[in-house]
Amino acid sequence: MSIGIERVEYVLHLADNALILGQRLGEWCGHGPVLEQDIAMTNIALDYIGRARMLYQYAAGICSPESTEDQLAFMRNEWEYRNLLLVERPNGDFAHTVARQFFLEAFQMDYFKALQHSGDATLSAIAEKSIKETAYHFKWASEWVIRLGDGTEISHHRMQEAVDALWPFTGELFCEAPCESWMRKSFDCPDPAAMRSGWSARLQSVFAAAGLEIPTGNWMQEGGKTGRHTEHMGYILAEMQYMQRAYPGMEW
Amino acid sequence: MEDYYSTEREFKKHHVTEVNKSVLEVLDTVMDPEIPVLSILDLGIVREVRVQDGKVDIAITPTYTGCPAMHLIEMEIRAAMAQSGLEANVKTVLSPAWTTDWMREGALEKLSQYGIAPPGRIASMQHADTATPKRIECPQCTSSNTEVISEFGSTACKALYRCLDCREPFDYFKCH
Ligand SMILES: [Zn+2]
């Protein structure tokens, strides 16, 4: 049976996005600006870790007989991860975390709806589960973009600063990696470039309500989808993988 | 009880496939660890039950992808079946995705009495992206004069609200 290395890559791309963002959001646990938002971010983190688990289980099943969910999540090296550079950006202040979430959720709103109609039954089922969660996450992020953007002078300034800082990492959302193109042709998976108009429309309406400016820079960073990461990735993995590296095969 | 799946036919209407009444009765004793007034049948997460040669295959669907209760529920199903002398094989199915519309009528009343405002029926709402009804009733005093504190509450399935009349905070079981 041909498993298709592209399919494994593609599933890992989605899984790594979910795991790394879940890990980043989890870093807020106990450090949120207020209790309710601490709980919100860790709830969202939990959704992402749950999604990552479903995807790693699927990837492990089609990858090789010896691979497992834990091995894929915890035992690979930086260059083997396929997540977007955007999700590995540090939490920064609360505004950075909100901007990172907003940019990604605005993309995923259409992406999972399209993926639900793909010819890969497992991915379609996972996408179906993810649609409603994404709607809640997008709503949370949008409300904070507006509240901070349309808030005090300081909150407005910091929200705009966060948006500007993360802007160069949004271009990668729409670049089609070889595995995505293969999955599009073979299983009718979404073309990320086709998400741009919906994404831009969401930005326009939320940023208008927030009184924020959409950056205009065209220079974009990319590489995460093919395993070229920023220096932050190594630090994330060092913390996240410590237990499995020190005690291989350990379980809670 | 009107809403109880008293017959196989009734269960099939809401769910699927072959079913055995005594197995259903046992499943109705397996409670959600986070909301101990609701059984897994109340929640509507049991998708399939097949009994053969003293073994029972049960398919459940997760409420939320990251819900840590799902693993515990699986173990509790196996334990409850073992007590009835049945070996249970529990598997998880993802599609069709669970919705709060699958919760039994009686479950909504139980939630309310437990102090959690129940979800509205999504099927009756116009748009369902994050289907939040306009008015959420306070489970303490039934006032509709309430406001959201946070869309994310003590567990993945709940949002945090406060009542502006009796001033009590309360959980709202989100439409999903
Ligand atoms: Zn009240």
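Listing for the model above:
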| read-out | value |
| --- | --- |
| Cα-Cα over 24 Å, subset of A:K139/B:K110; A:K139/A:K225; A:K129/B:K21; A:K129/B:K158 | A:K139/B:K110; A:K139/A:K225; A:K129/B:K21 |
| Value of Rg/Rh across the range B:8-98 [Cα atoms, Kirkwood radius] | 0.92 |
| Where the protein assembly as shown is the region considered: accessible area per residue in Å², 1.4 Å probe | 45 |
| Positive minus negative residues near A:L84 (Lys, Arg vs Asp, Glu; Cβ under 11 Å) | 0 |
| Listing of the range B:142-176 residues, each with accessible area lower by at least 20 Å² in the full protein assembly than in the chain alone (probe 1.4 Å) | B:I149, B:S150, B:E151, B:F152, B:G153, B:A156, B:K174, B:H176 |
| Nearest-ten-degree value, helix A:153-166 long axis tilted from longest Cα axis of chain A | 30 |
| nm² value of the averaged projected area, convex hull over the Cα atoms of the protein assembly as shown | 22.6 |
| Charge context of A:Q23, other residues only, Cβ under 11 angstrom, K/R +1, D/E -1 | -3 |
| Global size of chain A as Cα Rg and Dmax, reported in angstrom | 17.7, 60 |
| Accessible surface buried once A binds B (1.4 Å probe; total of both sides; Å²) | 2200 |
| Surface share of carbon and sulfur [accessible, 1.4 angstrom probe, percent] for the range A:1-133 | 58 |
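The values are calculated or read from the model by the stated rules, or taken from the named source; none is laboratory data. For clarity, every value in this text was computed on a predicted model and none was experimentally measured. Positions of Cβ are generated from backbone atoms using ideal geometry, with glycine treated the same way; all protein chains shown enter the neighbour counts. Ligands, DNA and RNA are stripped out before the accessible areas are found, and what is left, the full protein with its side chains, is counted by its heavy atoms. Shrake-Rupley method; radii C 1.70, N 1.55, O 1.52, S 1.80 Å.
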